1. Quick one: in the stretch 89-114, of everything that is under 17 Å from the mean Cα position of the chain (by Cα) and among the polar types (S, T, N, Q), which residue is surrounded by the most Cβ atoms within 10 Å (Cβ to Cβ)?
2. Being under 28 Å from Q44 (Cβ atoms) and either of a type in the set (S, T, N, Q) or touching a residue at least 40 places away in the same chain (Cβ under 8 Å) (or both) is true for just one of A95, A136, A156. Which residue is that?
3. Here's a check for you: in the stretch 140-174, which residue that is hydroxyl-bearing (S, T, Y) and in contact with an Asp or Glu (Cβ under 7 Å, 6 or more places away or on another chain) is modelled with the highest pLDDT?
4. Can you name the number of the only condition in (1) surrounded by fewer than 13 Cβ atoms within 10 Å (Cβ to Cβ); (2) over 15 Å from R176 (Cα atoms); (3) touching a strand residue (DSSP E or B) at 6+ places or on another chain (Cβ under 8 Å) that H86 fails?
5. For the stretch 21-62, how many residues meet the condition of being modelled with pLDDT of 90 or more, outside any loop (DSSP other than H, G, I, E, B) and in contact with a strand residue (DSSP E or B) (Cβ under 8 Å, 6 or more places away or on another chain)?
6. Does E69 meet the test of being surrounded by 20 or more Cβ atoms within 10 Å (Cβ to Cβ), touching a strand residue (DSSP E or B) at 6+ places or on another chain (Cβ under 8 Å) and charged (D, E, K, R)?
7. Hey, among A132, A156, A95, A136, which residue is closer than 24 Å to P38 by Cα and not in a strand (DSSP E or B)?
Amino acid sequence: MYRVLIYPLFLICFLIQSCNEEVLPKPSAELRLEYAKPEWGELQTSKFRFQYNKMGAVRNQNGTSITLEYPKMKGEIFINYKTVDHNIDKLLSDAQKFSYEHTAKAEAISEQPFINNEHEVYGMLYEVSGDAASQAQFYLTDSTEHFVTGSLYFLARPNYDSIYPAAAYLREDIRRIMETLRWKD
């Protein structure tokens with residue numbers, strides 16, 4: 001009689017155990033965002049000109065400021081012009097101070113000097129990593145007449161992991177702006 005009860009009980013336990021699937025951890029996935037290869041256009045103001053990515057729409061262009069808007073990435077590059085009038089030290093100090101105001105939220109801020117002796121364009125690019133409000137700032141000057149500042153912002157809560165692909169893409173656009181900026185006489 002015990003054999004009659006043990007066999008069905010053993011069979012039920014075996015079936016229940018064999019129906020369980022082995023639990024495997026899911027592989028980690030990374031978000032892959034691909035952006036179009038840039039097409040470059042030229043933007044001219046009364047004081048300077050530069051190449052910009054045509055993916056960015058030129059908005060709010062006036063004599064002293066330009067906004068390049070990237071709607072697909074919800075990002076904007078703000079560019080401002082100031083005349084140097086024996087105040088280069090103050091302009092440089094303000095640009096550096098503005099860049100380091102993000103230190104509270106930034107994990108790191110790297111400085112990349114820029115020098116173009118041929119066209120008298122000198123400056124600095126600040127790359128910000130971490131959950132800061134701005135992911136990049138820059139300034140360019142000829143040290144005697146012209147001073148340009150720029151900053152990159154996203155119209156989203158700063159979450160570095162989420163905005164990193166767009167920030168890296170737009171930093172390349174900023175580098176192109178810096179490399180192609182020319183002063184007008």
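The values are calculated or read from the model by the stated rules, or taken from the named source; none is laboratory data. Keep in mind that this is a model prediction, so the values were computed, not measured. All Cβ positions, glycine included, derive from the backbone under ideal geometry; neighbour counts span all protein chains shown.
1. S99
2. A95
3. Looking at the filtered set, the residue picked out is Y153.
4. Result: H86 fails condition (3) only.
5. Residues that pass the stated criteria total 12.
6. no
7. The unique qualifying residue is A156.
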